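Right, one structure below, let's go through it.
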Amino acid sequence: MPHVRPLRLTAHLLLLSCIGCAAPSLGHGPEGGDRPLVTVAEPGVIASADAAGSGFYLRVDAGLGAVLDTEVERTDASGASNLGDAAFDSGWMTGTALGYRFSDRWSADLEFTYRTNDVDRIRPVGATGLDAASGDFASGALMANVRYHFPSESRLRPYVGLGAGLVEEIDIDVDLAGVENSYSDSGFGVQAMLGVEYALDDSWSLSGEARYFRALDFEGSGEGPSAGGRASADYDHFGVLLGLTYRF
């Protein structure tokens, strides 16, 4: 019939058009077979993108610290004072923090850290100076910190940070003639951090950090046998910490 040929021609043209539309979405696999050209992101890339997002985190830290040598001035209840040069042993420190990651580069947290160092020796300054062979210098501080995380193409990311807050308690205990004399105070403190973080996965990371902490204007009031007296000293502390962070 005369209308059959045009119908067949039209069908052939439609078929060729369909094949032409499908061709850009087909490629050749390693064995020569056709496969869809679909781009699939690698899991590592997805994990890195997710890790760059915002969210809460919890961190625990532990490490060693040292108090710089300082002069300790003690005044008893009668007003008589004596002075000693104090040196301290290395001690331990531990802390925990709850924070929020605002972006890939900025984070902030609220942290509590406890530090303690034994007295190595307090040597008298002058004939009536303070002389003690044992004791300790300790503090507990609640700090607000801000950290900047440097860009990095690897799992390792260096960071710097600053913090300020309340030194809830700082006290020095010294053994004088077999009697422990304790002096405590509270006030403000500041700190600076330099560290590096290693991402284990999207949620967990390890960190190593060097930290400087200073308590401002320590002047402790006497307790127990030293009630009515006072003691003052500088409190400059350097610490090295290992930390573990979990991101919610």
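Multiplying the residue separation of Leu68 and Ser103 by 0.36 nm and removing their Cα-Cα distance gives an extension gain of 9.0 nm. Between Arg155 and Tyr246, the simple label model (points 7 Å from Cα in the Cβ direction) yields a spacing of 1.9 nm. Here's the picture: charge each Lys and Arg Cβ at +1 and each Asp and Glu Cβ at -1 in the stretch 53-247, and of Gly163, Thr128, Ala86 the one pushed furthest to the positive end of that dipole is Gly163.
Projecting the Cα atoms of Leu194, Leu242, Ser54 onto the dipole axis of the stretch 53-247, where Lys and Arg carry +1 and Asp and Glu carry -1 at the beta carbon, places Ser54 farthest toward the positive end. Counting neighbouring beta carbons within 10 Å and listing from fewest to most, the residues Thr94, Thr245, Thr128, Thr75 come out as Thr128, Thr94, Thr75, Thr245. The residues Tyr183, Tyr57, when put in order of fewest to most other Cβ atoms within 10 Å, stand as Tyr57, Tyr183. Projecting label points 7 angstrom from Cα along Cα→Cβ for Asp76 and Leu200 puts them 5.5 nm apart. Would you be so kind as to identify which of Ile172, Ala227, Gly208 lies farthest towards the positive end of the dipole of the stretch 53-247, taking Lys and Arg as +1 and Asp and Glu as -1 on Cβ and the Cα centre as origin? Checking the options against the dipole of the stretch 53-247, the answer is Gly208. Pairwise inverse Cα distances across the stretch 53-247, averaged and inverted, put the Kirkwood hydrodynamic radius at 17.8 Å.
Values quoted throughout were computed directly from the atomic coordinates according to the rules given, and no laboratory measurement underlies them. Owing to the predicted nature of the structure, the values given are computational and were not obtained by experimental measurement. Please note: Cβ atoms are built from the backbone with ideal geometry, for glycine as well, and neighbour counts cover all protein chains shown.
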